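Here is the structure we will look at, set down as C-alpha cells.
The values are calculated or read from the model by the stated rules, or taken from the named source; none is laboratory data. The shown structure was predicted, so the numbers you read here are calculated from the model rather than taken from an experiment. Note that each Cβ is placed from the backbone with ideal geometry, even for glycine, and that neighbours are counted across all protein chains shown.
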Amino acid sequence: MATAGKVIRCKAAVAWEPNKPVVIEEIEVAPPQANEVRIKIVATSVCHSDLYHLLESMHKDGFPTVLGHEAAGIVESVGPGVTEFQPGDKVIPLFLSQCRECCFCKNPKTNQCEAAWTRIRQEVMAGVESRFTCRGKRVLQFMGTSTFSEYTVINQIAVAKIDPAAPLEKVCLLGCGVCTGYGAAVNTAKVEPGSTCAVFGLGAVGLAAVMGCKAAGAKRIIAVDTNPEKSEKAKVFGATDFVNPKDHEKPISQVLTEMTNVGVDYSLECVGNVAVMRSALESSARGWGVSVIVGWTDMHDIAIRPGHLISGRTWKGSLFGGFKGKDGVPQMVKAYMDKKLMLDEFISHNMTLDQVNDAIELMKHSKCIRTVLSVSPQ
C-alpha cells in the first residue's frame, strides 16, 4: 500500500488524563518495526476495562493513552520478520498474546503467555512499546492495542487472523467481552449438561456467560443483576430466571440457595466487585460448587471464610475466557458465521469514533450493552 513504511497521520481518541473526557486528536502512527503489524481499525467497541482505567484505577503513569482493545480491522502493512500476515488480511487485535513458544502457550491447561507479562506493563495497562505520538509527546498504547484510533501497531503475537468474509462491525466484540464471558462458562467453569448456574452481572460479559451456560447444556440459568431492565435481555441469551438482589432483604447467596435447595452448581461473577465475588462463591453448592471470577479489578483485596472452600467448593479465575487468542478467536468467528453464536444481539448502539465520549457515558450509566464505534471505512 502507498502508506507502507511511512508515518500515518490519523484520527484517534486520546485520554490525556484520568477522569476527563477523551479528546479527538490527530496522532502520528509510526511504521511497524520487526515482528509488528500496522492495522487499520474498522470497528471498535467500548468495554468496561476502558472505563476502569479512565475512571476507576486512574493510574497517573497510565496517561496519555489511547484506549480501546475490543476491535477488528484490516492489515495495512507488516514489519520485518512477519510471515503470518499480509496487507489486506482481516484481523482482531488481542490484549492477551499467544506467542506459541513459551511454556504457558504450550500448556493446554492455560491461555496465559509469558510474553504478555513482558510486553504489557500491568500496573498502567499499557504496552512497553508505543508507535504513537501526538503534539510531540509519546502516547501509550492501552493493553498494547489502542483501538480508539484509525490505525494502530501491534506485535504479531497479539493479532488473530479471521475469516475474510466476517463482518468486522460484529466480530469486533470477540476481541474481549463475548469471548471472556462465554469462555468463562465453557472453558473455565466447564459447565455440564443438566446443571444449574448463576451469573452475576448482566453487562456484555455476563450475558455472554449466560449464552455459554446455555451452549454447555445447563438446565437452569439464574441471571442476577440490580437493574430490572436486564431481565428480558438475559432471557434472549438463555436465562431461565432473573433475580434482583434489591428485591430481597436476605443476602443474595441465601436467596439462591433457597431457590436451588443446595446452591448452584456453577456461579460466575461478571461485575469486578469483590463483595459480589464473595456472594457468588457463597451461592455455589458446598461439596461440589464451582465459582469463577470473571470481572476485573485490581483495587481491593478479597476475603472469604476458609470453611467455604474447605467444604468442597472450587474458586477459579478466568482471563479472556480461557481462550488462547490466535487459536480461539478465529474459532469463535466461525461459530458466529455458522449461526452457532449470537453477536448482533449484544449491540445496543452504533456510533462513530467522534462520539466516543457519548459511548463512554452510556456505559458509565449502564445504558448500553455494547456500543460499536465505526472508525474507518473498509
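A few points about this structure:
- Those helices (runs of 4 or more DSSP H) of segment 249-339 in which 1 or more residues are surrounded by 24 or more Cβ atoms within 10 Å (Cβ to Cβ) and on the phi < 0 side of the Ramachandran plot occupy 252-260, 274-283, 325-337.
- Looking across segment 144-186, the residues that are touching a helix residue (DSSP H, G or I) at 6+ places or on another chain (Cβ under 8 Å), under 11 Å from Ala72 (Cβ atoms) and in a helix (DSSP H, G or I) come down to Lys170, Val171, Leu173, Leu174, Gly175.
- Sole exception among (1) part of a loop (DSSP other than H, G, I, E, B); (2) crowded, with 20+ Cβ neighbours inside 10 Å for Gly206, by number: (1)
- Qualifying residue in segment 1-9 (condition: over 17 Å from Ile74 (Cβ atoms), among the hydrophobic types (A, V, I, L, M, F, W, C), in contact (Cβ under 8 Å) with a residue 40 or more places away in the chain and surrounded by fewer than 16 Cβ atoms within 10 Å (Cβ to Cβ)): no
- Taking segment 282-309 as the range and being more than 17 Å from Val262 (Cβ to Cβ) and without any contact (Cβ under 8 Å) to a residue 12 or more places away in the chain as the test, the residues that pass are Arg305, Pro306.
- Unique match (being among the polar types (S, T, N, Q), in contact with a helix residue (DSSP H, G or I) (Cβ under 7 Å, 6 or more places away or on another chain) and at pLDDT 95 or above) among Ser195, Ser253: Ser253
- Contacts under 8 angstrom Cβ, first residue in segment 52-65 being polar (S, T, N, Q), partner surrounded by fewer than 16 Cβ atoms within 10 Å (Cβ to Cβ), 6 or more apart: Ser57/Asp298; Ser57/Met299
Rundown of residues vs (1) at pLDDT 95 or above; (2) within 30 Å of Gln331 (Cβ to Cβ); (3) touching a helix residue (DSSP H, G or I) at 6+ places or on another chain (Cβ under 6 Å), yes/no style:
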{"residue": "Lys6", "(1), (2), (3)": "no, no, no"}
{"residue": "Ile27", "(1), (2), (3)": "yes, no, no"}
{"residue": "Asp50", "(1), (2), (3)": "no, yes, no"}
{"residue": "Phe63", "(1), (2), (3)": "yes, no, no"}
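- Residue in segment 35-56 that is among the charged types (D, E, K, R), farther than 23 Å from Gln156 by Cα and not assigned by TED's automatic domain parsing to the domain that holds Trp296 present: yes
- Residue count for segment 110-137, restricted to those that are exposed (fewer than 13 other Cβ atoms within 10 Å of the Cβ), closer than 19 Å to Ile24 by Cα and touching a residue at least 12 places away in the same chain (Cβ under 8 Å): 2.
- The number of residues in segment 139-152 being touching a residue at least 60 places away in the same chain (Cβ under 8 Å) and either touching a Lys or Arg at 6+ places or on another chain (Cβ under 8 Å) or exposed (fewer than 14 other Cβ atoms within 10 Å of the Cβ) (or both) comes to 5.
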